[in-house]
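K.L.:
Below is the structure I would like to discuss, written out as structure tokens.
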Amino acid sequence: MNFNEFSPMHLAYLKKQRTTKIVVHLLQVAFLLVFLGVWELATHLGWVDGFIFSSPSRVWKTLTDLFSQGDLIKHVWASTWETILGFFIGTVLGMLIAIILWWNDMVKRVFEPYLVVLNSLPKIALGPLIIIWAGTGKAAIVTMAVLISVVITALNMLVGFCQTEPSKILLMRTFKANKAQIFFKLVFPANIPNLLATLKINVGMSWVGTITGEYLVSKEGLGYLIVYGSQVFRLDLVMTCTIVLCLLAGLMYGSVALLEKSVKFDQ
Amino acid sequence: MKNDILKMQGVTKVFYTKTAQTVAVENLSLAVKEGEFVAIIGPSGCGKTTLLSLIAKLIEPTTGSILLSSNKKHAVGYMLQQDHLFPWRTVEKNVLLGLEVTKNLNYETKKYASDLLEKYGLGDFKKHLPSQISGGMRQRVALIRTLATNPDLLLLDEPFSALDFQTRLEVCDDVYSIIRRENKTTVLVTHDISEAISVADKIYVLSKRPAKVKKVFQCNLQEYTTPLKRRESEEFGKYFEEIYKCLNGADDEL
Ligand SMILES: Nc1ncnc2c1ncn2[C@@H]1O[C@H](COP(=O)(O)OP(=O)(O)O)[C@@H](O)[C@H]1O
Ligand SMILES: [Mg+2]
């Protein structure tokens, strides 16, 4: 449709939509500023103890100190790298498992209950075992991140694969399609929205894996800094790392959302 | 005398499930000649879809034989009840699906499919997604997807049932003219008497489940060139009455 063809009323409608969007963004920023302001004020006026609750100015100072010592980049990099690795390995592995189970009904029927049980098991319980098996290095942390995302990926994708419309599969069979063709031309493309939703979940999952992994073993990374900070009672450090973590997870989620937008098709 | 392109003899199909066994088709015989347009009419649930699945060799008969004269690997084109266009593929890509799957996609077949789209008024919509075109157009796309593989025998399963009445008449005219121009032998299944009379040379009336052939009608309306003209013809009412009686009459007349 041509933009010129829009009626004045339609344009007014669009303008209103735009205005609402801007107002929402402004309110979001305002909320953040008020929150930071109250926090800062509360510690300054002694309503809460700045030593325990930290404050925006203390966080900022900690952040710049960490940065100038070169520590910030090192720790951020360590955690991000572990998370991305866990994210990719977990997603690809989970996907492969889902494909294998979808492909072979017998295998699916045998292994699906195990997958369901594994899914409800809190993977953190496996932490001590992982340390013994994979050592106390990065391998243990990545394993943790993989473990947390792989099961949910496999289960989500499998459910999606199995929900492919039977009549569409029948259509493929009228052309005498084989299993691989049915998968690659129908089942997989039909599940791209599902895959993207799973990726979004996995961003969170792999961060959980990385941070808990770092709690347990690491000598670097944001999880390590948080545990270290709490042990020596430097709560400014804990707060700073938590905030950095928020930003990183948000950034990663944002990239997946962007990817989703770029492949969105009209259903 | 033209040859039989399809011959079914004494075909029975029984479905087994956990709780029951269903006889969907029982001792059914029929024949379709080259170039013929055959309609099979029967009440809902009588086993019509099962019959087409048997002809398309998607399922095996429990007993009986189904012979196709063609020995081409993809001799049968089957158009299902719904269009089932893939929403992520453009109209053009949807039409090429069968060719891709049967590994027959080359310059010539692609051109053939593309010409079909042009010829039947979809040339401007090649790059559109299925959600952007009307229900009637989608049905035409589904038909062209089936025709693109150039089958010797075309099977249509209630192809208009998903459309509203007005569109149904139009699309029926379209589909009929496409099939006639492409000169395809066709078996159309329906529960709509008027639809059957408006397109077919020969009509098989089936009983309630399990499907048996009750009666075969020869339709001599070939002088009318479109389904709509057939519907408006004098003889139409007579055929309708006869078939209506047969369809709703007692099964044990046989
Ligand atoms: N795969 C199947 N398993 C069990 N029963 C089936 C199966 N397919 C069809 N049926 C049964 O066979 C009968 C005929 O179905 P169908 O051929 O779809 O009828 P129609 O197309 O004439 O409406 C129905 O009672 C249906 O429940
Ligand atoms: Mg049916």
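The values are calculated or read from the model by the stated rules, or taken from the named source; none is laboratory data. Just so it is clear, the structure is predicted and the values come from calculations on it, not from any experiment. Every residue, glycine among them, receives a Cβ derived from its backbone with ideal geometry; neighbour counts consider all protein chains shown.
K.L.:
Taking the conditions exactly as written (surrounded by fewer than 22 Cβ atoms within 10 Å (Cβ to Cβ), more than 14 Å from chain A (Cβ to nearest Cβ), within 14 Å of ligand 2 (Cβ to nearest atom) and at pLDDT below 95), does B:Ser44 satisfy them or not?
P.N.:
Yes; evaluated as a whole, the condition is true for this residue.
K.L.:
Are there any pairs, at least 6 apart or on different chains, whose C-beta atoms fall under 9 Å, with the first in the range A:12-41 and closer than 30 Å to A:Thr240 by Cα and free of Cβ contacts under 8 Å to residues at least 40 places away in the same chain and the second of a type outside the set (Ser, Thr, Tyr) and not in a helix (DSSP H, G or I), and if so, which?
P.N.:
Pairs that qualify, where the first residue is closer than 30 Å to A:Thr240 by Cα and free of Cβ contacts under 8 Å to residues at least 40 places away in the same chain and the partner is of a type outside the set (Ser, Thr, Tyr) and not in a helix (DSSP H, G or I), are A:Trp39/A:Val48; A:Leu41/A:Trp47.
K.L.:
How about the range A:229-267: which of its residues are over 22 Å from A:Ser57 (Cβ atoms) and over 15 Å from the mean Cα position of the chain (by Cα)?
P.N.:
A:Gln231, A:Lys261, A:Ser262, A:Val263, A:Lys264, A:Phe265, A:Asp266, A:Gln267
K.L.:
Continuing with the same structure: Taking the range B:212-227, which residues are part of a strand (DSSP E or B) and of a type in the set (S, T, N, Q)?
P.N.:
B:Gln218
K.L.:
Could you list all residues from the range B:30-41 that are within 15 Å of ligand 1 (Cβ to nearest atom) and over 11 Å from B:Val187 (Cβ atoms)?
P.N.:
Residue satisfying the conditions is B:Ile41 alone.
K.L.:
Out of the helices (runs of 4 or more DSSP H) lying entirely within the range A:89-179, which hold 3 or more residues that are under 30 Å from B:Ala142 (Cβ atoms) and free of Cβ contacts under 8 Å to residues at least 24 places away in the same chain?
P.N.:
Where helices (runs of 4 or more DSSP H) fall fully within the range A:89-179 and carry at least 3 residues being under 30 Å from B:Ala142 (Cβ atoms) and free of Cβ contacts under 8 Å to residues at least 24 places away in the same chain, they are A:166-174.
K.L.:
I'd like the residue in the range B:11-29 that is more than 12 Å from ligand 1 (Cβ to nearest atom) and surrounded by fewer than 21 Cβ atoms within 10 Å (Cβ to Cβ) and, out of all such residues, is farthest from B:Asn220 (Cα to Cα).
P.N.:
B:Thr12
K.L.:
Can you tell me which of A:Val244, A:Val203, A:Val208, A:Val187 is touching a residue at least 40 places away in the same chain (Cβ under 8 Å) and either touching a strand residue (DSSP E or B) at 6+ places or on another chain (Cβ under 7 Å) or within 12 Å of chain B (Cβ to nearest Cβ) (or both)?
P.N.:
A:Val187
K.L.:
Right, something else. Among the residues of the range B:59-95, write down those that are within 16 Å of ligand 2 (Cβ to nearest atom) and farther than 24 Å from B:Val175 by Cα.
P.N.:
Hit for the range B:59-95 is B:Ile59, nothing else.
K.L.:
Could you count how many residues in the range B:105-132 are more than 10 Å from chain A (Cβ to nearest Cβ), within 23 Å of the chain's Cα centre (by Cα) and either under 18 Å from A:Leu170 (Cα atoms) or surrounded by 14 or more Cβ atoms within 10 Å (Cβ to Cβ) (or both)?
P.N.:
Residues flagged as more than 10 Å from chain A (Cβ to nearest Cβ), within 23 Å of the chain's Cα centre (by Cα) and either under 18 Å from A:Leu170 (Cα atoms) or surrounded by 14 or more Cβ atoms within 10 Å (Cβ to Cβ) (or both) within the range B:105-132 amount to 8.
K.L.:
Looking at (1) touching a Leu at 6+ places or on another chain (Cβ under 6 Å); (2) under 22 Å from A:Leu115 (Cα atoms); (3) within 14 Å of another protein chain (Cβ to nearest Cβ), which is the one condition that is false for A:Val151?
P.N.:
It is condition (3) that A:Val151 fails.
Here's the yes/no breakdown for (1) of a type outside the set (A, V, I, L, M); (2) touching a residue at least 24 places away in the same chain (Cβ under 8 Å); (3) more than 12 Å from ligand 1 (Cβ to nearest atom):
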{"residue": "B:Pro43", "(1), (2), (3)": "yes, yes, no"}
{"residue": "B:Lys48", "(1), (2), (3)": "yes, yes, no"}
{"residue": "B:Leu52", "(1), (2), (3)": "no, yes, no"}
{"residue": "B:Gly64", "(1), (2), (3)": "yes, yes, yes"}
{"residue": "B:Ser70", "(1), (2), (3)": "yes, yes, yes"}
{"residue": "B:Gly77", "(1), (2), (3)": "yes, yes, yes"}
{"residue": "B:His84", "(1), (2), (3)": "yes, yes, yes"}
{"residue": "B:Asn94", "(1), (2), (3)": "yes, yes, yes"}
